[in-house]
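What follows is a short report on a single structure.
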Amino acid sequence: QVQLVESGGGLVQPGGSLRLSCAASGSIFAIYAMGWYRQAPGKQREMVALISFGGSPNYVDSVKGRFTISRDNAKNTVYLQMNSLKPEDTAIYYCYATNSMTQYWGQGTQVTVSS
């Protein structure tokens with residue numbers, strides 16, 4: 001089992017920045033990819049950013065150039081730096097990890113972009 005604990009959500013004005021963190025614990029040795037999904041009210045959950053260990057990060061088109069995913073292997077933590085936030089970025093953000101057989105999810109953290 002893998003446990004994912006997110007932090008860093010909140011309320012920010014348009015154009016502002018937030019950084020999300022996701023700490024992984026448990027059977028993390030087999031994890032080969034981690035990332036972030038989000039779900040806005042009335043919409044399907046969508047992939048925001050993924051990073052595989054040894055590979056290049058992938059982003060949904062709507063966040064390219066504004067969001068950056070990174071990881072700290074020593075801390076088993078993945079980050080999502082979100083800049084130039086827009087109201088349409090408002091959603092619950094979920095941390096995600098996979099070992100190719102099982103998908104793991106965090107509890108979600110709310111990000112609200114509003115003036």
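Data table
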quantity	calculated
Flag for THR98 being within 19 Å of GLN1 (Cβ to Cβ), among the β-branched types (Val, Ile, Thr) and touching a residue at least 12 places away in the same chain (Cβ under 8 Å)	yes
Residues of region 84-106 classified as more than 15 Å from ALA30 (Cα to Cα), in contact with a Phe, Trp or Tyr (Cβ under 8 Å, 6 or more places away or on another chain), open to solvent by 60 Å² or more (accessible area, probe 1.4 Å) and not in a strand (DSSP E or B), total	0
Within region 27-74, considering residues that are in a loop (DSSP other than H, G, I, E, B) and of a type in the set (A, V, I, L, M), the one farthest from TYR96 (Cα to Cα)	ALA40
Where a residue in region 26-47 is charged (D, E, K, R) and open to solvent by less than 20 Å² (accessible area, probe 1.4 Å) and its partner, wherever it lies, is modelled with pLDDT of 95 or more and assigned to a loop (DSSP other than H, G, I, E, B), with Cβ under 8 Å and at least six apart	ARG38/ARG45
Any pair with Cβ under 9 angstrom, 6 or more apart, that starts in region 1-14 at a residue that is under 16 Å from TYR37 (Cα atoms) and surrounded by 13 or more Cβ atoms within 10 Å (Cβ to Cβ) and ends at one that is at pLDDT below 95 and basic (Lys, Arg)	none
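The values are calculated or read from the model by the stated rules, or taken from the named source; none is laboratory data. The shown structure was predicted, so the numbers you read here are calculated from the model rather than taken from an experiment. When we count neighbours, we look across all protein chains shown, and the Cβ atoms used for this are built from the backbone with ideal geometry, even at glycine. Keep in mind that these areas ignore ligands, DNA and RNA; they rest on the heavy atoms of the full protein, side chains included. Shrake-Rupley method; radii C 1.70, N 1.55, O 1.52, S 1.80 Å.
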